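Q: I am attaching a structure below and will ask some questions about it afterwards.
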Amino acid sequence: MAEKPPQHEITQLLAQWREGNQSALDELYPLVYDELHRLARRYMSRERKGHTLQTTALINEAYVRLVDQRNVPWANRSHFFAISAQIMRRILIDHARRHQYAKRGGGARQVSLDEAATVVMPDQSGELLRLDEALKSLAEMDPRRSQVVELRYFGGLNNEEIAGVLHISENTVTRDWNMARAWLYQQLSGSTAN
Amino acid sequence: MTPERWQQISRIFKSAILLDNEARAAYVASRCGRDDSLRVEVEKLIDSYGKANADEFMNGMAAEAAAPLLTDDEIGPHQDILNKGQQFGSYIILDSLGSGGMGEVYLARDTRLDRTVALKVLSPDISQDKRRMQRFRQEAKVASSLNQPNILTVFEFGEVDGLTFLATEYIDGETLRDHLEAKRLKLSEIVDISIQVLAALDAAHEARIVHRDIKPENVMLRRRDGVVKVLDFGLAKVTEHKYSTLEHDSDPEAITEFRTAPGVIMGTINYMSPEQAKASEIDERTDIWSMGVIMYEMVTGKIPFRGSTTSHTIVQILEKDPVPLTKLVKAPVELERIVMKAIAKKPVERYQTAKDMLADLRSFQKRLEISAELEQTSPLVTPDEPGLGAKKKRVLVFAVVGMLLATAAIFAINIRRSSRSAATPSVTTPAVAPVERTLTYWITVQKFKGRNPYQDPFSLAGEINFETGYRIRVNVRSPQQGYLYILNEGPASGAPEYNVVFPTPTANNGASLVPAGETIQIPKKSWLRFDTQQGVEKLWLVFSENVLTELEPIKQFASIETGGLITDPALNKSIKNLTDTHSATKPGVEKGETLTTVKAASKLLVYAIKLEHH
């Protein structure tokens with residue numbers, strides 16, 4: 001089994017964060033990042049083509065592995081999912097950036113056959129980076145809607161779970177999502193709202 | 001767009017999309033009044049809403065859409081910068097050796113001299129940082145001038161297509177970190193490795209080069225002859241820069257940067273000197289400190305300063321007095337003196353030069369050789385350090401077959417001897433060679449869905465809340481040889497019935513005597529499964545210096561068919577007597593992050609792992 005951060009540390013950090021200690025988040029972030037990233041890569045290398053990556057399953061597994069579940073208040077779980085959604089976003093964006101870098105011919109890189117296969121994807125990485133940018137603009141106008149998008153699209157949470165994390169009703173989640181998604185679509189398809 | 005405008009649009013939008021086309025147009029028109037631009041915005045958004053639905057925009061999840069991106073880096077957070085077979089300047093890439101915080105390492109052939117080298121290629125983001133590169137270049141230049149057998153030889157430092165690389169000799173071997181995890185070191189080996197690292201430091205310090213990042217990951221042991229090579233002279237400064245970025249900057253980008261160097265924080269901080277932790281001036285004595293910490297770890301299996309978080313660790317480094325070696329293991333006093341001197345908080349109280357420390361170690365080594373005692377060749381008796389030895393499980397002696405419907409563990413003891421020693425309260429710990437039984441355990445959990453394993457197994461230090469579908473394996477290890485018996489006591493009320501978990505006919509040839517230092521997986525190839533009855537499942541661990549005649553008969557009940565159920569009431573009764581008698585003298589329990597160590601101040605250890613079963 002791979003090295004993993006001590007459970008109680010994560011558990012403590014989660015508790016501290018929930019109690020409002022923001023620096024706990026700073027410590028939590030890299031730990032969870034590494035775990036999620038590792039799991040995601042492992043899933044993908046195992047399943048390869050034709051399989052989808054189940055974000056929720058991934059985060060659940062990270063949760064089970066990272067958090068000492070003996071004395072954890074349930075509320076910590078929402079916090080864990082919230083940070084995980086944020087981190088999944090970051091992981092994917094990081095990968096997309098590297099992908100773009102590679103495509104620009106960064107360094108002495110040569111494109112291998114394997115990679116040529118993934119290039120068939122219609123500029124997935126560019127799309128993702130644009131979405132990320134649009135989501136940042138959305139966050140400036142409307143932080144809650146951008147969070148809903150993050151939790152749902154990057155964290156794989158369903159409406160009920162999102163409602164729990166953000167302390168809003170499920171109906172509100174649905175409405176937020178509709179609006180945010182329409183706006184993001186508009187941004188990505190090139191027209192501007194401004 | 002202002003947030004106010006956005007909210008205005010939002011209020012109209014959310015109702016509008018619930019209406020059919022005709023009603024919608026009217027509704028929007030009435031809500032927007034004469035504000036045409038508002039109407040246009042709302043209509044555009046409604047239009048996008050329809051298209052997004054039709055296109056199934058963001059219907060899946062980001063990870064699904066972006067999954068192929070995740071597969072293009074198999075090695076680490078960085079993509080492979082170079083590929084096998086690729087020409088890179090005058091080098092041909094033969095293989096990838098892995099990645100570190102700074103970039104990728106490749107096995108390559110230098111076509112000019114036809115020699116095999118290790119090629120470290122710095123990741124582009126580091127290469128692009130001019131200030132850091134300048135420093136790095138200068139240090140690498142100095143480091144390459146070092147010519148000492150224990151320092152990794154630097155052949156070339158250069159740039160190809162904007163990528164900075166370092167070509168060094170290639171060492172076929174393992175890092176001291178891997179070595180430490182794989183086995184316990186003998187005293188003679190510890191001294192030998194330390195002397196070689198110090199010899200490298202001595203040469204570097206003579207040349208006024210401070211390594212700054214001495215840690216087990218930076219020490220290679222050559223497979224062929226055990227020669228030690230110290231790596232990464234001159235790279236440390238760059239790493240250190242990353243550090244300060246994280247420590248003093250809450251910018252999320254900085255955190256990302258930190259994590260692109262996995263292990264930088266966790267790995268480095270444990271060996272960091274107080275002056276490094278305080279970010280004050282450092283000199284050669286900082287390397288002496290790190291060397292001391294490594295030696296401490298090699299001897300005891302524990303890192304002297306370690307907190308649950310980075311900042312706790314720093315506080316420990318700055319303030320905590322380390323536990324003396326001899327409190328943890330049976331180590332020679334002279335060795336303790338050397339190590340403790342190296343990790344004195346104040347640089348002036350440490351060895352002032354690597355040469356001085358080297359001299360002390362060499363004379364210690366001589367004495368060892370002269371006395372050539374058993375001690376020299378036998379592994380140190382150490383309590384276990386969570387997270388160090390635990391990861392690599394040695395080949396196991398006990399092959400327990402697909403097993404019992406219920407589990408439990410017992411740490412057993414020798415009754416004859418214990419009648420004398422068990423009465424001794426554990427408070428009075430004799431200063432010399434205390435009578436003690438030590439057993440370390442951890443539990444591996446495999447989730448099952450139906451008959452099939454589901455997800456990867458994970459390990460826990462001890463008690464878990466057991467859930468349906470969990471199957472487990474108990475791992476035990478002791479620095480001492482002893483007789484081991486493991487029994488499961490289910491949650492049933494009334495007179496308990498036990499199931500044998502260990503020994504079994506297939507494991508250890510059916511014998512209960514377990515060799516020192518061996519990790520025993522129970523069962524080895526399959527998993528223990530509990531029945532569906534809820535409550536506390538006890539695994540009684542009984543570990544004894546001498547054979548326990550009253551427990552030996554349990555072997556005959558070890559069978560897969562019966563789940564190891566002991567059907568002899570008299571035997572069950574005598575087991576109960578044993579556990580009742582001896583669980584009264586509670587063993588000391590050290591719960592680590594990944595292991596639990598149980599110690600009894602007697603020749604018999606009896607301990608129950610309790611698993612809550614829901």
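Readers should treat all values here as calculations from the given coordinates under stated rules, not as data from a laboratory. Here the structure is a predicted model, which is why all the values come from computation and not from measurement. As a convention, Cβ positions derive from the backbone with ideal geometry for all residues, glycine included, and neighbour counts pool all protein chains shown.
Q: Would you mind checking the stretch B:468-489 for residues with the amide N under 20 Å from a putative spin-label position 7 Å along Cα→C-beta of residue B:511?
A: Residues B:476-486 qualify, since their backbone N sits under 20 Å from the label point.
Q: Pop out the ³J(HN,Hα) list for the stretch B:143-157 in order, Karplus 6.51 cos²θ - 1.76 cosθ + 1.60 with θ = phi - 60°, rounded to Hz; leave Gly and Pro as x.
A: For the stretch B:143-157, the Karplus-derived couplings read 4, 5, 7, 6, 10, 8, x, 9, 10, 4, 6, 9, 8, 8, 10 Hz, x marking Gly and Pro.
Q: What are the residues whose amide H is under 5 Å from the amide H of residue B:594, where those residues sit 5 or more places off or on another chain and H is modelled from the backbone?
A: When sequence neighbours closer than 5 places are left aside, the close amide H contacts are B:387.
Q: Work out from phi, with θ = phi - 60° and the Karplus expression 6.51 cos²θ - 1.76 cosθ + 1.60, the ³J(HN,Hα) of each residue of the stretch B:84-90, listed in order in whole Hz, and give x for Gly and Pro.
A: Result, ordered by residue: 3, x, 6, 7, 9, x, 8 Hz.
Q: Is there a pair in B:186/B:586; B:186/B:327; B:215/B:327 whose C-alpha atoms are over 21 Å apart, and which pairs would that be? Please list the in-between numbers first.
A: Values: B:186/B:586 32 Å; B:186/B:327 18 Å; B:215/B:327 24 Å.
Long pairs (Cα-Cα over 21 Å): B:186/B:586; B:215/B:327.
Q: Are there any GluC sites (Glu not before Pro) in the stretch B:278-359 that are in a DSSP loop and have at most 11 other Cβ atoms within 10 Å? List them by number. Could the numbers behind the result be given before it?
A: Working: sites: B:281, B:284, B:297, B:319, B:334, B:336, B:349; in loops: B:281, B:284.
Loop-located and lightly packed - B:281.
Q: Pairs to check: B:278/B:599; B:278/B:355; B:524/B:599; B:302/B:610. Give those whose C-alpha atoms are more than 30 Å from each other in this structure.
A: Values: B:278/B:599 37 Å; B:278/B:355 26 Å; B:524/B:599 24 Å; B:302/B:610 27 Å.
Among B:278/B:599; B:278/B:355; B:524/B:599; B:302/B:610, the Cα-Cα distance tops 30 Å for B:278/B:599.
Q: For residue B:88, which sequence-distant residues (separation of 5 or more, or a different chain) have an amide H within less than 5 Å of its own amide H, given hydrogens modelled in the peptide plane?
A: B:93
Q: 5 Å is the cut-off here: which amide hydrogens, built 1.01 Å from N in the peptide plane, fall below it relative to residue B:157, excluding neighbours closer than 5 in sequence?
A: For residue B:157, whose amide H was placed from the backbone, the distant partners under 5 Å are B:167.
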